[in-house]
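Asker: Below is a structure I'd like to ask you about.
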Amino acid sequence: GKWSFLDRLDLIYEDASSPTTSQDSWRFINNFNANRRLGAAAQVSLQYAFKYVRSDFDGDGYNGYTDLFGIDYRRGFKGKWDAGAHASIYHSWQSDILDYGLGLDIGYNIAENMWLTLGYNLAGFDDDDFSESRYTAQGPYLRFTMKADHHTLRRIAGRR
């Protein structure tokens, strides 16, 4: 079909207690992506990600909810090349922080199902929990991407 969806939910628990202090935290992180083909050479992607964090420091509890909404547009050209633009909004609700990301990139298909992308974010923000699914920091970046479905893995292993 023209739509594809991907959702990932992580639960992370950390305990950094010492003999004099007690510190632990856990967080739920969810990343949902929807991708829509707009024809043979163009696509748009939507992302909604959120995390809920609960931390305890020596008996004092803190919690927070943060989310991110992003949109990407990609257009292929000249067979192996593509260019894209992306924007995102980052909101930390308890601390009332609102931040934005905006960037451009160009990609090259170096082999079947493998892309090398060079990009630059004109505006960005840092959040380790969301940067795994999209590059969010301001400045230049280089990304290698590989589609790793069972067909690709068989081909890599030499078992066409």
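Asker: Show the residue pairs meeting these rules: Cβ distance below 7 Å; 6+ apart or different chains; first residue within segment 114-128 and farther than 12 Å from ASP82 by Cα; second residue open to solvent by 50 Å² or more (accessible area, probe 1.4 Å) and among the polar types (S, T, N, Q).
Answerer: ASN121/GLN138; ALA123/GLN138; GLY124/GLN138
Asker: Could you list, ordered by first residue, the pairs with Cβ atoms under 9 Å in which the first is in segment 89-101 and free of Cβ contacts under 8 Å to residues at least 24 places away in the same chain and the second is of a type in the set (Phe, Trp, Tyr) and open to solvent by 70 Å² or more (accessible area, probe 1.4 Å), at least 6 apart or interchain?
Answerer: Correct list of pairs: ILE89/PHE69; ILE89/TYR100.
Asker: OK, next. So which residues in segment 39-61 are under 18 Å from ARG75 (Cα atoms), at pLDDT below 95 and open to solvent by 50 Å² or more (accessible area, probe 1.4 Å), if there are any at all?
Answerer: ALA40
Asker: Please specify each residue of segment 14-56 satisfying the condition of being among the hydroxyl-bearing types (Ser, Thr, Tyr) and either out of contact with any strand residue (DSSP E or B) (no Cβ under 6 Å at 6 or more places or on another chain) or part of a loop (DSSP other than H, G, I, E, B) (or both).
Answerer: Result: SER17, SER18, THR20, THR21, SER22.
Asker: Do we have ALA34 as open to solvent by less than 50 Å² (accessible area, probe 1.4 Å), over 17 Å from ALA137 (Cα atoms), more than 15 Å from the chain's Cα centre (by Cα) and hydrophobic (A, V, I, L, M, F, W, C) here?
Answerer: In short, no.
The values are calculated or read from the model by the stated rules, or taken from the named source; none is laboratory data. Just so it is clear, the model here is predicted, and its values are computed rather than measured. Every residue, glycine among them, receives a Cβ derived from its backbone with ideal geometry; neighbour counts consider all protein chains shown. To get the accessible areas, we keep the full protein, side chains included, count just its heavy atoms, and leave off ligands, DNA and RNA. Shrake-Rupley method; radii C 1.70, N 1.55, O 1.52, S 1.80 Å.
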